[in-house]
Protein chains: 2
Amino acid sequence: MMGPNSPEANEGAMTSEDFVPAALRRLWRMPESSRLGRPAALDVDLVVAAAVEIADRDGLGGVTIPKVAKSLGFTGMSLYRHVGSKNELLTLMADAAMGTPPDLDTDDWREGLRNWAFAQRAVFRRRPWLTRVPASGPPSGPNQIAWMEAALAIMSRTRLDWAHKVGILTLINGYVVQSVRQYSELAEGRAEGQGQADAERDYGRALVRLVEPEHFPETARLFSSALFEALPSDTPDATIADTDFSLGLELILDGVAVRIERSDS
Amino acid sequence: MMGPNSPEANEGAMTSEDFVPAALRRLWRMPESSRLGRPAALDVDLVVAAAVEIADRDGLGGVTIPKVAKSLGFTGMSLYRHVGSKNELLTLMADAAMGTPPDLDTDDWREGLRNWAFAQRAVFRRRPWLTRVPASGPPSGPNQIAWMEAALAIMSRTRLDWAHKVGILTLINGYVVQSVRQYSELAEGRAEGQGQADAERDYGRALVRLVEPEHFPETARLFSSALFEALPSDTPDATIADTDFSLGLELILDGVAVRIERSDS
DNA sequence: CAAGAAAGTATCACAGGTATACTAATGAGG
DNA sequence: CCTCATTAGTATACCTGTGATACTTTCTTG
């Protein structure tokens, strides 16, 4: 369950004020205290970078302890000197791969939040596996916090209270994650051989027939609507995705606008 | 990769019109064709019910093929006669566990969508593992479709186009999933022994110190705001969750209102 | 140059998914 | 009623992954 670097194992004596759990120390790259013994060839950054590279190439499922270790020329067990567990590695990867947010300063909160959402989306689309890292707790890595800071800064000119700000930020982030995940799932399914395309078509056709108008009138109408018939071939996929994404985002921003107006009065 | 019941293995000869992939046939409980050979002691419903029971008790991680089989008094491999793979089992579980939506008919779209969201939330809170089932494709089970139908029915009196309806439905569903998942993650963390409470407190305290006002001014202000200081003990957790949930939901509904007004003119 | 501390390694136990090849049970046709 | 095709469930095995334990190696410091 716990590697040699788990919290209970290697915290030195500290006042309760200075105590920082090992996982957080690694997330924030706090310097190691002692300089005794054999110097490390590996460190958190190397391990995380190797893992991210594998995830970029093979997806999150391709990231296993032995594979990451091998790509570095070490044994699997060696990684446990630098990360507490596989789960912690995923958290570290997620923070590193998010990178720091771009400069998003604007006076217009709406433009700012829109840019923030598009910036996150760009990162997620570049690394779809990020949308599947199981979130184990609130954002706590430096990059996650930096993205949070950016959103809060954009809203700092408004009179929204903290609960609203956090709620809005979480809502938008969740929306971005969800929409990218959905899009990338489809894309991946499509990429798996070309027999997959046939299977997908069969699947869709069969589903349309299972959704009988007597039981599911609205859904049946939806399935036979222009949305599912008209644009199969002429519109590029990415354009559809962009349109859909903006639709939801602007809807959320309209909701935010209502809140801001309300808090201004 | 594929069990004996995978699509390629056991579709009889059919016209391409009647072809239904095996996974869909199981999701929709289509009757098995032949009545030859040994009759089955197990069926999809039994397997799925056993798996759901385990998930309810031990979470999604507790659901393994051997454990589900053992709880039924069979060997692990026997399950593969009735479900194509573990992933398919998860899909079947998700559909079954959602159940059918309650009656939500109203003339007021806003009340209707609010009720829909709260109804979904009730299901998810009862079975938090549902929020972690990896969605492998668009909703295609009968219950998933029924929930979709319910939302579309609520919006059927509006003049929203299909793209908007689907977008709104997806947005609200995503919001509900996300908020329940977050809440249940915290609750689970807390439940894991009481030493966990200390660890969590340490974690929070350390994080607050890592977020220095020079680097993260807004976040630092957030962390020292009333949100994080005032209500630790006096307010019950569930109340906070309800308030936060409604906040985001009403914001979304405000956004929807704007769209409906716009489409009415 | 010894002492000892930390890094990396070799082994191991355990668990889960699933392919393959088996045995068992049943109804249809002779 | 017997036999055989047909389908259900089983035994076995492989492979992969996490991570515990104990060992060896390679440093720094005294």
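Every read-out reported here was derived from the displayed coordinates using simple, explicitly stated rules and does not represent laboratory data. As the structure is a computational prediction, the values presented were derived from the model and not from experiment. For neighbour counting, all protein chains shown are included, and Cβ atoms are generated from backbone atoms with ideal geometry for every residue, glycine included.
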Selected from A:T170, A:T239, A:T106 as most flexible by GNM, with chain A as the system and alpha-carbon contacts under 10 Å: A:T239
Number of partner chain Cβ atoms within 10 Å, mean per residue of B:125-137: 1
Sequence-separation-based contact order of chain A, relative, with Cα cut under 8 Å and 6+ spacing, percent: 17
Difference of contour (0.36 nm per residue) and Cα-Cα distance, B:R38 to B:S224: 60.2 nm
Using a 7 Å Cα-to-Cβ projection, B:D107 label spacings across copies, nm, ascending: 4.7
Surface/4 of the Cα convex hull for chain A, nm²: 20.5
Volume per residue of the C-alpha convex hull in the protein assembly as shown, rounded to whole Å³: 186
Teacher prompt: A:D56 distances to equivalent labels in other copies, 7 Å Cα→Cβ, nm: 4.6
Tilt relative to chain B, helix B:109-126 - C-alpha long axis, 0 to 90 degrees, to 10: 80
R0 of 45 Å, Cβ-Cβ distance B:K70-A:E261: FRET efficiency to nearest 0.05: 0.15
Residue mean of other protein chain beta carbons inside 10 Å, A:200-212: 5
Using a Förster distance of 56 Å, the FRET efficiency for B:D103-A:T106 (Cβ separation, nearest 0.05): 0.75
Under 10 Å, Cβ to Cβ, from A:P134 - net charge with Lys/Arg +1 and Asp/Glu -1: +2
Those lysines that a straight Cα-Cα span of less than 26 Å connects to B:K70, excepting residues fewer than 8 apart in one chain: B:K86
Other copies of A:S265: label-to-label distances in nm, shortest first, labels 7 Å along the beta-carbon direction: 1.7
Rounded to the nearest 20 debye, dipole of region A:78-211 from Cβ charges on Lys, Arg, Asp, Glu: 260
Calculated FRET efficiency for the pair B:V208/B:N87, C-beta based, R₀ 51 Å, to 0.05: 0.80
Averaged over B:146-152, number of beta-carbon atoms from partner chains that fall within 10 Å: 4
Chain B Cβ-axis minimum, rotational copy A, residue and distance in Å: B:G255, 2
Per-residue [θ]222 nm for chain A (sum of -39500 (n - 2.57) over DSSP H runs n ≥ 4, rounded to 500): -19500 deg cm²/dmol
Estimated translational D of region A:104-206 in µm²/s (Stokes, Kirkwood radius over Cα pairs; 25 °C; 0.890 mPa s): 157
Cross-link reach list, aspartates and glutamates versus A:K67, counting only Cα pairs under 13 Å and skipping chain neighbours closer than eight places: A:E53, A:D58
